[in-house]
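Please treat every number below as a calculation from the coordinates, not as lab data. All figures in this text were calculated on a predicted structure; none of them were measured in a lab. Reconstructed Cβ throughout: ideal geometry from the backbone, glycine too, with neighbour counts over all protein chains shown.
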Amino acid sequence: MKETVGVVMNGVTGRMGLRQHLVRSVLAIREQGGIPIGDGRVIWPEPVLVGRNEHKVKAIADEYGLPWTTDLSEALADPAVDVYFDSLVTGERDKTVRQAIAAGKHIYCEKPTAPDLATALELARLATEAGVKHGVVQDKIFLPGLLKLKRLVDGGFFGRILSVRGEFGYWVFEGDWQPINRPSWNYRAEDDGGIVLDMFCHWQYVLDHIFGRPTSVQALAATHIPRRVDEQGEWYDATADDAAYGIFELAGGIVAQINSSWTTRVFRDELVEFQVDGTEGSAVAGLRRCRAQHRSATPMPVWNPDMPAPHDFRSQWQEVPDNAEFDNGFKTQWELFLKHVVLDTPWQWDLLAGARGVQLAELGLRSSREGRRLAVPELELP
């Protein structure tokens, strides 16, 4: 028997909304026959696509045989719709999420949930007072590499964790002699662009979930490429940060250092990697892989610049096995949220959790402007 959940999906004409949320999550759930919940029942999502560009949204809807509209009010007025999903650009989310809350729909949305903390907290308050369920996409904690890393942490592999070092990014072409590989709004502060607002929201929940809550931040944001070319081939001033260098103190005394950059060329195995060092062992985790080195297997290098290094350091790390089948991280969280809507199962990644990411980004930008370390207060609903 099908437990049908109507889902308005707004923003699927964007790359992430289309590929990860529609195709690899909601449609993949339908292709597998729904989400089993026992007694022969399955949760069955029924998506309705919403977009401002009629040509684009119609083309996607026709390709996958789905209903569509350009009128969000019309979609939200449908009593068969239970959930509103939003993957629009950040600056548009406040208005549409408020509208969906007022319509009594459960909320699931991308992050950042808002361009500023006050708005993010207000959305969390409104949803809570309305009694609707609400969730924020926090996909990276469901990545295979980070799931294996969390397994090592929970199993006590590291002993006392000392530090976390993260490297994320790749080169985003300026657009003059190579086509741009990210939308131009990402590099305009007036359009809520910038790598701090984009990525610190991720680092907040990754650090909090695996290691501990960030209690302080010291950051330096930079705009290394001052001019870029937009989708129309026109030069524009890049007013948002394209790189950020952050140091975070975590509850328990762990120090995390994360570099985020759209102006770096990749010389590592994956686009993001975290190295964790502890008294009993270390590990390096990326999107999919995780490798570890225990204290008992740690070599004893000697600094000698006059001869080649006698160690092949990479070969001395052990691959952490999967020991499980890992599904797409976006799909995994979609399944958890839909179970939360239908069965009221436990859920922790709500709009208040999303506001914590916005808070860290806001404090990171302020830290960069003021050149000092800032405390990260505990958040409560207003």
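General observations
- Given charges at beta-carbon only (K, R positive; D, E negative), |dipole| of segment 216-295 in Debye: 400
- Largest GNM mean-square fluctuation among 365, 49, 18, using the chain with Cα springs under 10 Å: 18.
- Summing Lys and Arg as +1 and Asp and Glu as -1 over all other residues whose Cβ lies under 15 Å from the Cβ of residue 144 gives a net charge of +1.
- Simple rule: put +1 on each Lys or Arg Cβ and -1 on each Asp or Glu Cβ in the chain, find the dipole, and look at 50, 367, 72; the Cα lying farthest toward the positive end is 367.
- Across segment 156-163, rounded Karplus estimates of 3J(HN,Hα) from the backbone phi angles (6.51 cos²θ - 1.76 cosθ + 1.60, θ = phi - 60°) give x, 4, 7, x, 7, 6, 9, 7 Hz, Gly and Pro being marked x.
- Cleavage-rule hits, chymotrypsin sites (Phe, Trp or Tyr not before Pro), segment 181-271, DSSP coil, Cβ neighbours within 10 Å at most 10: 267
- Dipole magnitude for segment 87-188: computed about the Cα centre from +1 point charges on Lys and Arg Cβ and -1 point charges on Asp and Glu Cβ, it is near 420 debye.
- Karplus-based coupling profile of segment 14-28, in residue order and whole Hz: x, 4, 5, x, 6, 6, 8, 8, 7, 6, 8, 10, 5, 5, 5, with θ = phi - 60° in 6.51 cos²θ - 1.76 cosθ + 1.60 and x standing for Gly or Pro.
- Among 291, 165, 314, the largest mean-square fluctuation in a Gaussian network model of the chain, built with springs joining Cα atoms closer than 10 Å, belongs to 314.
- Rounded to the nearest 20, the Cβ-based charge dipole of the chain about its Cα centre (Lys and Arg +1, Asp and Glu -1) stands at 760 debye.
- Listing 341, 83, 217 from fewest to most neighbouring C-beta atoms within 10 Å gives 341, 83, 217.
- Seen against the Cα atoms of the chain and their longest principal axis, helix 117-130 is set at about 50 degrees.
- Scalar couplings 3J(HN,Hα) for segment 257-267, obtained by applying the Karplus form with A = 6.51, B = -1.76, C = 1.60 to θ = phi - 60°, are 10, 10, 9, 10, 8, 9, 10, 9, 9, 7, 10 Hz; x denotes Gly and Pro.
- Residue pairs, from the table 105/133; 56/95; 140/331; 58/95; 133/339; 2/133, whose Cα atoms sit over 18 Å apart: 56/95; 58/95; 2/133
- C-alpha long axis of helix 90-102 to longest principal axis of the chain, angle in °: 50
- The local environment of residue 322, defined by Cβ-Cβ distances under 14 Å, has a net charge of +3 under the rule Lys, Arg +1 and Asp, Glu -1.
- Residues whose amide H lies under 5 Å from that of residue 109, counting only those 5 or more places away or on a different chain, are 86, 135, 136, 137; hydrogens are built 1.01 Å from N in the peptide plane.
- 5 angstrom amide H check on residue 227, placed H, neighbours 5+ away: 238
- Amide H contacts of residue 290: 320, each under 5 Å away and 5 or more positions distant or on a separate chain (H built 1.01 Å from N in the peptide plane; Pro and chain starts excluded).
- C-alpha long axis of helix 195-210 to longest principal axis of the chain, angle in °: 80
- The residues neighbouring residue 207, those whose beta-carbon lies less than 13 Å from its own, together hold a net charge of +3 under the Lys/Arg +1, Asp/Glu -1 convention.
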